[in-house]
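Working notes, structure below.
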Amino acid sequence: MRHLMSPLDLSVEELNNLLDLAQDIEAHREKYSHACSGKTLATLFYEPSTRTRLSHEAAMLNLGGNTMGFSSADSSSASKGESVADTIRTVSCYADIAAMRHPKEGAPMVASANSPIPIINAGDGGHQHPTQTLTDLLTIRSLKGRLDNLTIGLCGDLKFGRTVHSLIQALVRYTGIRFVLISPEELRLPDYIRQDVLDKENVPYTEVVRLEEALPELDILYMTRVQKERFFNEDDYVRMKDFYILDKQKMKLAPEDMYVLHPLPRVNEISVEVDEDPRAAYFKQVQYGVYVRMALILTLLEIKVD
Ligand code: NCD
């Protein structure tokens, strides 16, 4: 039984195979349109989502399967006090695979330990978001043609941004990766990622506060939203929320072949005027998110299409 809790649950070889499969799906969609016929995906979302929930559902529907689920804790028996373990035992009677998002770090892991069906971590608190990472890797590989020898700028809320934590874990396994960590002092990358991942793997990185300083040297700029829901105090959020605003003026400092990614939702950190810049790749990234989740569902269900 395979689950996906963190990007490290896939070896580099498996990851590359999965990205190859996603690219084949993009090129030959009709070939996969009945691959999951008779299978059901459950989306168990205890926290808000637009892209992650709908893209998992779109992925299963594109594969000819069915979907069911809930989109808030309030509309499930969690509001009556049911445990994640009991919920997953129940859902496994109805579905063949489940994607779970939860505000508590580790909740999908608890589900997987009690589950007879594959569980996909669709984001657990400020911890991990492996399917966003698969999306990010497919986007980078499609646009830049490689996942090695890249300078990646990660900008914004590096403390609470789970997409950043998962992306770093996945990318350090490729050679020639360098990070520029761009954040205010209060939102720096947590020590558990800095020490246990970057330092341990001897991955070069610099930390800067000013985005302008980093821009000229980047191959990829990965923007993130300040994670309002993880702040303990509203004043701190208000102080931080508009710390970075990427606009046309700043884009002039960036190389012609640098792409801007963002897991979305965007708040103010990318001005809408940047959307028309050919280097703005965040909506393409949304499309790649469907192909990669189709590939993931096939992989976890061990379904092969010839
Ligand atoms: C991200 C998340 O939920 O962590 N969104 C997403 O899944 N695409 C990023 C965010 O909410 O800021």
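The values are calculated or read from the model by the stated rules, or taken from the named source; none is laboratory data. Note that the structure is a prediction, hence the values are computed from the model and not measured. Don't worry about glycine lacking a Cβ; one is built from the backbone with ideal geometry, like all the others, and counts go over all protein chains shown. The protein model used for the area step is the full one, side chains on, heavy atoms only, and it has no ligands, DNA or RNA in it. Shrake-Rupley method; radii C 1.70, N 1.55, O 1.52, S 1.80 Å.
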Out of region 140-152, which residues are touching a residue at least 12 places away in the same chain (Cβ under 8 Å), within 14 Å of ASP257 (Cα to Cα) and in contact with a helix residue (DSSP H, G or I) (Cβ under 9 Å, 6 or more places away or on another chain)? ILE140, ARG141, SER142, LEU143, LEU150, THR151, ILE152
Test set (1) in a helix (DSSP H, G or I); (2) within 22 Å of ASP247 (Cβ to Cβ) - LEU181 fails condition number: (1)
Within region 129-152, take every residue that is open to solvent by 10 Å² or more (accessible area, probe 1.4 Å) and polar (S, T, N, Q) and give me the one that is farthest from the ligand (Cβ to nearest atom). ASN149
Which condition number in (1) more than 14 Å from the ligand (Cβ to nearest atom); (2) touching a Phe, Trp or Tyr at 6+ places or on another chain (Cβ under 6 Å) is the one that GLY126 fails? (1)
So ARG178 clears everything in (1) among the basic types (Lys, Arg); (2) in contact with a helix residue (DSSP H, G or I) (Cβ under 8 Å, 6 or more places away or on another chain); (3) away from the ligand (no atom under 16 Å from the Cβ) except one condition, right? Which one? (2)
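Which residues, taken from region 65-90, are among the polar types (S, T, N, Q) and either on the phi > 0 side of the Ramachandran plot or outside any helix (DSSP H, G or I) (or both)? Even if it seems obvious, please write down each step before you answer.
Just the residues of region 65-90 that are among the polar types (S, T, N, Q), to begin with: 66-67, 71-72, 75-77, 79, 83, 87, 90.
Passing the criteria: ASN66, THR67, SER71, SER72, SER76, SER83.
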Would region 74-81 turn up any residue that is modelled with pLDDT of 95 or more, open to solvent by 30 Å² or more (accessible area, probe 1.4 Å) and either within 22 Å of the chain's Cα centre (by Cα) or of a type in the set (Ser, Thr, Tyr) (or both)? no
For region 14-34, give me each residue that is open to solvent by 70 Å² or more (accessible area, probe 1.4 Å), closer than 21 Å to ASP136 by Cα and acidic (Asp, Glu). ASP20, GLU26
Considering only residues that are open to solvent by less than 20 Å² (accessible area, probe 1.4 Å), within 16 Å of the ligand (Cβ to nearest atom) and not in a helix (DSSP H, G or I), which ones fall in region 153-166? LEU154, CYS155, GLY156, ASP157, LEU158, GLY161
Cβ-Cβ under 8 Å pairs, at least 6 apart or on other chains, region 273-294 side open to solvent by 60 Å² or more (accessible area, probe 1.4 Å), far side of a type in the set (A, V, I, L, M): LYS284/LEU143
If you take the residues of region 184-193 that are outside any loop (DSSP other than H, G, I, E, B) and open to solvent by less than 20 Å² (accessible area, probe 1.4 Å), which of them is farthest from THR151 (Cα to Cα)? LEU187
I'm checking my understanding of the structure. Among residues of region 102-123 that are buried (at least 24 other Cβ atoms within 10 Å of the Cβ) and outside any helix (DSSP H, G or I), which one is nearest to the ligand (Cβ to nearest atom)? GLY123
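Does at least one position in region 35-43 carry a residue that is open to solvent by 10 Å² or more (accessible area, probe 1.4 Å), among the hydrophobic types (A, V, I, L, M, F, W, C) and assigned to a helix (DSSP H, G or I)? Please lay out each step first, then the result.
Residues of region 35-43 open to solvent by 10 Å² or more (accessible area, probe 1.4 Å): 35, 37-40.
Adding the requirement that they be among the hydrophobic types (A, V, I, L, M, F, W, C) leaves 35.
Narrowing further to those that are assigned to a helix (DSSP H, G or I): none.
The answer is no, given that none of the residues of region 35-43 is open to solvent by 10 Å² or more (accessible area, probe 1.4 Å), among the hydrophobic types (A, V, I, L, M, F, W, C) and assigned to a helix (DSSP H, G or I).
Could you tell me whether any residue of region 52-65 is open to solvent by 60 Å² or more (accessible area, probe 1.4 Å) and within 17 Å of ILE120 (Cβ to Cβ)?
Initial filter on region 52-65 (open to solvent by 60 Å² or more (accessible area, probe 1.4 Å)): 54, 61.
Those still in the list that are within 17 Å of ILE120 (Cβ to Cβ) too: 54, 61.
Looking through region 52-65, at least one residue is open to solvent by 60 Å² or more (accessible area, probe 1.4 Å) and within 17 Å of ILE120 (Cβ to Cβ).
Evaluate region 3-15: report whether one residue or more is hydroxyl-bearing (Ser, Thr, Tyr) and in contact with a Phe, Trp or Tyr (Cβ under 8 Å, 6 or more places away or on another chain). Please lay out each step first, then the result.
Of all residues in region 3-15, those hydroxyl-bearing (Ser, Thr, Tyr) come to 6, 11.
Pick out the ones that are also in contact with a Phe, Trp or Tyr (Cβ under 8 Å, 6 or more places away or on another chain) and you get none.
For region 3-15, residues hydroxyl-bearing (Ser, Thr, Tyr) and in contact with a Phe, Trp or Tyr (Cβ under 8 Å, 6 or more places away or on another chain): absent.
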Residues in region 153-162: is at least one closer than 23 Å to ARG239 by Cβ, modelled with pLDDT of 95 or more and within 12 Å of the chain's Cα centre (by Cα)? yes
Within region 246-266, residues under 22 Å from the mean Cα position of the chain (by Cα) and surrounded by 14 or more Cβ atoms within 10 Å (Cβ to Cβ) come out as LEU246, MET258, TYR259, VAL260, LEU261, HIS262, PRO263, LEU264, ARG266
